[in-house]
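Working notes for the structure below.
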Amino acid sequence: MGGTTRVLDCRGLHKSYGDRKAVDGVGFHIDLGETYGLLGPNGAGKTTTISMVCGLLTRDAGEVTVIGEPIDVGQIHAKRWIGYVPQDLAIYPDLTAEENLAFFGRLYGLTGKKLKARTNAVLEVTGLADRRDDKTEEYSGGMKRRLNIGIGLLHEPRLLILDEPTVGVDPQSRNAILDSVEQLSGEGMAVLYTTHYMEEAERLCDRVGIIDQGQIKAEGTRRELVELVGQRDRVRVVAEGDVDAAAAAARLVDGVEEANRSDGGIDILTNDARVILPSLLRSIADAGASVKGVDVVEPDLEAVFLHLTGKALRD
């Protein structure tokens with residue numbers, strides 16, 4: 001890696017089909033151990049973008065490098081750094097999980113003990129070790145998705161690209177997939193994750209690019225995106241006693257923008273409820289009020305997307 005943490009760097013990606021611009025100037029980067037999410041509705045340009053990143057689709061303009069090496073259609077060497085998990089399943093139903101992994105492993109150039117070791121490791125990571133000898137046509141949709149991810153991990157890529165990996169799977173398998181992605185990023189792998197599920201982006205992604213109509217509308221951490229559109233956390237404190245004094249004390253807490261008495265408690269507006277909550281509750285108690293309950297409502301990426309695009313995420 002030569003001391004750098006930059007795994008993926010793409011700039012100014014453009015792709016048109018006739019008069020329709022599918023991708024219009026998209027650019028972002030991903031560092032080691034970082035999960036970057038492309039969040040947007042179906043048809044926003046997510047799959048077209050990652051197809052260009054992988055070198056599977058010729059771009060009209062722009063640059064892509066992985067570990068400092070340029071990526072393009074027909075360019076083979078740098079693609080060894082990428083593990084690509086497509087939206088459509090890429091497995092053979094008449095083969096077992098182990099046979100599928102052996103087949104794709106050989107395509108990656110793995111043989112012998114190395115192939116066996118990587119197959120065993122991937123089966124463990126995906127939770128399929130006990131079903132390794134079953135034909136995949138017998139698998140549930142979620143198990144097939146997990147095997148699909150395992151194939152992308154076989155050759156130990158530096159960048160794992162996941163295109164809508166939880167579409168159409170049951171809740172248990174979906175949670176297993178999300179757990180696996182969290183584990184991989186925690187182990188230092190860079191992950192590019194496309195989704196139209198806001199809750200997945202909030203759970204997994206260190207940074208998010210909100211994409212719509214082929215353009216990145218905004219980019220940053222969840223907190224940065226929320227602050228970009230002026231959203232604030234709302235805290236409802238249910239309290240008894242000297243609530244007026246408690247509301248006045250709450251207004252003096254660093255980070256509190258508003259604190260007003262309401263029926264049965266105090267309504268508070270703040271930039272970061274998780275940070276200020278301990279000092280806020282201490283101030284309220286010191287002012288002579290007894291806290292009976294706390295409810296925190298944080299703005300989510302759905303609200304940010306609606307603000308930036310004028311439509312709901314699933315429109």
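The values are calculated or read from the model by the stated rules, or taken from the named source; none is laboratory data. Computed from a predicted structure; not experimentally measured. Neighbour counts are summed over all protein chains in view; Cβ atoms, including those assigned to glycine, are modelled from backbone coordinates with ideal geometry.
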> Does Asp133 satisfy being exposed (fewer than 15 other Cβ atoms within 10 Å of the Cβ) and touching a strand residue (DSSP E or B) at 6+ places or on another chain (Cβ under 7 Å)?
Replying inline: yes
>> Condition check: more than 18 Å from Val85 (Cα to Cα) and either within 14 Å of the chain's Cα centre (by Cα) or of a type in the set (Ser, Thr, Tyr) (or both). Does Thr58 satisfy that?
In response: yes
> Got at least one residue in region 9-30 being in a loop (DSSP other than H, G, I, E, B) and either closer than 25 Å to Ala129 by Cβ or modelled with pLDDT of 95 or more (or both)?
Replying inline: no
> Out of all the residues in region 25-47, is one or more over 20 Å from Thr195 (Cα atoms) and among the hydrophobic types (A, V, I, L, M, F, W, C)?
Replying inline: yes
>> So if I check each of Leu56, Leu123, which one is assigned by TED's automatic domain parsing to the domain that holds Ala201 and not in a loop (DSSP other than H, G, I, E, B)?
In response: Leu123
>> Return the residues of region 118-127 that are surrounded by 21 or more Cβ atoms within 10 Å (Cβ to Cβ) and either touching a residue at least 60 places away in the same chain (Cβ under 8 Å) or touching a Lys or Arg at 6+ places or on another chain (Cβ under 9 Å) (or both); say none if nothing qualifies.
In response: Thr119, Thr126
> Across region 7-42, what is the number of residues that are surrounded by fewer than 22 Cβ atoms within 10 Å (Cβ to Cβ), under 16 Å from the mean Cα position of the chain (by Cα), within 23 Å of Ala78 (Cβ to Cβ) and touching a residue at least 60 places away in the same chain (Cβ under 8 Å)?
Replying inline: 5
>> Looking for something part of a helix (DSSP H, G or I) and without any contact (Cβ under 8 Å) to a residue 40 or more places away in the chain - is there at least one such residue anywhere in region 145-160?
In response: yes
> Ile211 versus (1) within 30 Å of Asp31 (Cβ to Cβ); (2) assigned to a strand (DSSP E or B); (3) not assigned by TED's automatic domain parsing to the domain that holds Ala22: which is the lone unmet condition?
Replying inline: (3)
